[in-house]
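The values are calculated or read from the model by the stated rules, or taken from the named source; none is laboratory data. Being a predicted model, the structure only gives us computed values, none of them experimental. Ideal geometry is used to build each Cβ from the backbone, glycine not excepted, and the neighbour counts take in all protein chains shown.
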Amino acid sequence: MSKKYETVIGLEVHVQLSTESKIFCGCSTEFGKEPNVNTCPVCLGLPGTLPVLNKKVVDYAILAGQALNCDIAEYSKFDRKNYFYPDLPKAYQISQFDLPIAEDGNIEIETEEGIFNIGVHRVHLEEDAGKLIHEGSIDKSKGSLVDYNRTGVPLIEIVSEADMRSPAQARAYLTEIKLIMEYLDISDCNMEEGSLRCDANISLRPYGQEEFGTKAELKNMNSFSAVEKGLEYEVKRQREILEDGGRIVQETRTWDENLNKTISMRGKEEAHDYRYFPEPDLVPLEIDEAWKSKMREQLPELPRKKYKRFISEFGLPEYDAEVITGSREMAEFFERVLKDYDDPKNLSNWMMGEFLRLLNENNHNPFESGVSPEALAQMLIMIDEEIISGKIAKKVFEIMYNSGRNPEKIVKEEGLKQISDEDELENIVDNIIAENPDAVEDIKNGKDRAIGFLVGQVMKETRGKANPGMVNNMLRNKLMD
């Protein structure tokens, strides 16, 4: 790959806030309702209606700004962004132009290339538009329908600085933004439902040049993978044009998953004139220190800080810490188990193995399963005390997950207690030795692997309940002395 050109990327992330009602009216924000049910004269923009600001929306925006290390404005206002779209019934959008609620922030991200600090230019509030549903293919359109349920749903738009220099950094930034919003519990960030949407601006410039190159804007990407793939394609496309002596055209493009390429949507040689002017029906926002302090007290420990603490305090490997702090619920569950169980690494192994497998299969978070933190701690202690084997523990755990039963009761009622009685085990071991003369001969001829075979036969005979350490020692004492 040519090193002649430097990639410059900035992201605009729209986050739907998880309020029960819309930003300027009392309509529900519930997803999946019948079309045009969650509407009223206000969000439909009917004459004579007036918007009323939802305070919870402002609270959430302040939290987001603080979590992104932004300066929260003491004075902020709303503006009308004028343009006509079929899914925007007022023919203008209430947004924020020159006085956003938060500015000048930053977040830390990490990729294989290293650790980077990415600037957050601004965070502003706005209302969402509706949704167009197109009938038929693009070339044989039968028309379009409009669902206004989403109109007026509260959004924050997080605009980064153009600080990212690779698609991998862009993906890491987007991942961190999503994690932060989920930790704040202000959005479910469900990309499939449109709760998190991302547009990207990408350009190339010769190394050493300060001026940005001509950018392309990528829109309508519905997954982190699509964002990264779209940007990777654009780097290649723009580089080839420049190296052939061509000129990049400023335009809006989209990632086509089927074609595995970006395609042009429309030209964008000049910026739109949205004719912003102050929203006359809403008074400006004045956010005093008391309001800011109240919201700051509600900030949880954020994912990047928690990740570093799990490494330093619990001695977890970086990979384990990344997985465990990858969701707020997972990290909280982990720490609650550690109140009763003091082996963080063994716990992380279980949570990233059996637990994560069952969570993914059932689309649960840890607190939606039948396993409580106290019960998991109890089961892990039973393994350490050799009451049950690791193999049996997997069976116990699955029963716990599906039934919510206590591990001690499961072991007792299902007869799963580990066999550690020396006399009982010796009889079983002697029988296995007698039944497998070929393996015994292999061991006597120095083939140690055959020990594992005999251990497996004992475990099979006892349905996994034999103490594997004791069995191994018995076999070695009997056959290798």
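When C198 is tested against (1) loosely packed, with under 12 Cβ neighbours inside 10 Å; (2) touching a His at 6+ places or on another chain (Cβ under 9 Å), only condition (1) is not met.
If only residues of the stretch 151-165 that are more than 16 Å from S18 (Cα to Cα) and among the small types (G, A, S) are counted, the one that is surrounded by the most Cβ atoms within 10 Å (Cβ to Cβ) is S160. I'm checking my understanding of the structure. Among residues of the stretch 166-184 that are over 14 Å from the mean Cα position of the chain (by Cα) and not aliphatic (A, V, I, L, M), which one is surrounded by the fewest Cβ atoms within 10 Å (Cβ to Cβ)? By that ranking, first place goes to S166. In a residue-by-residue description of the stretch 133-146, the property of being of a type in the set (V, I, T), outside any strand (DSSP E or B) and farther than 30 Å from Y319 by Cβ applies to at least one position. Checking T252, T262 one by one, the residue that is in a strand (DSSP E or B), closer than 25 Å to E126 by Cα, in contact with an Asp or Glu (Cβ under 8 Å, 6 or more places away or on another chain) and not aliphatic (A, V, I, L, M) is T252 and no other. Of all the criteria given as (1) within 22 Å of I287 (Cβ to Cβ); (2) among the acidic types (D, E); (3) in a strand (DSSP E or B), the one not satisfied by D98 is (3). Restricting attention to the stretch 353-374, the residues being part of a helix (DSSP H, G or I), surrounded by 16 or more Cβ atoms within 10 Å (Cβ to Cβ) and modelled with pLDDT under 95 number 6. Pick from D199, D188: which is part of a strand (DSSP E or B) and touching a residue at least 60 places away in the same chain (Cβ under 8 Å)? After applying the criteria, what remains is D199.
Pairing each residue of the stretch 344-364 that is closer than 19 Å to I399 by Cβ and assigned by TED's automatic domain parsing to the domain that holds V323 with any residue that is part of a helix (DSSP H, G or I) and acidic (D, E), provided the two are 6+ apart or on different chains, yields C-beta distances under 9 Å for M351/D320; E354/E398; L358/E398; L359/E368; N362/E368. Looking at I387, I399, just one residue is free of Cβ contacts under 8 Å to residues at least 24 places away in the same chain, of a type in the set (A, V, I, L, M) and more than 27 Å from L184 (Cα to Cα), and that residue is I399. Identify, from the list R150, R122, R80, the residue that is touching a Gly at 6+ places or on another chain (Cβ under 8 Å) and touching a residue at least 24 places away in the same chain (Cβ under 8 Å). After ruling out the rest, the residue left standing is R150. Taking the criterion of being surrounded by 15 or more Cβ atoms within 10 Å (Cβ to Cβ) and over 25 Å from K178 (Cβ atoms), the residues of the stretch 7-37 that qualify are F24, C25, C27. Residue count for the stretch 38-51 satisfying the condition of being in contact (Cβ under 8 Å) with a residue 24 or more places away in the chain, more than 13 Å from E127 (Cα to Cα) and surrounded by 15 or more Cβ atoms within 10 Å (Cβ to Cβ): 2.
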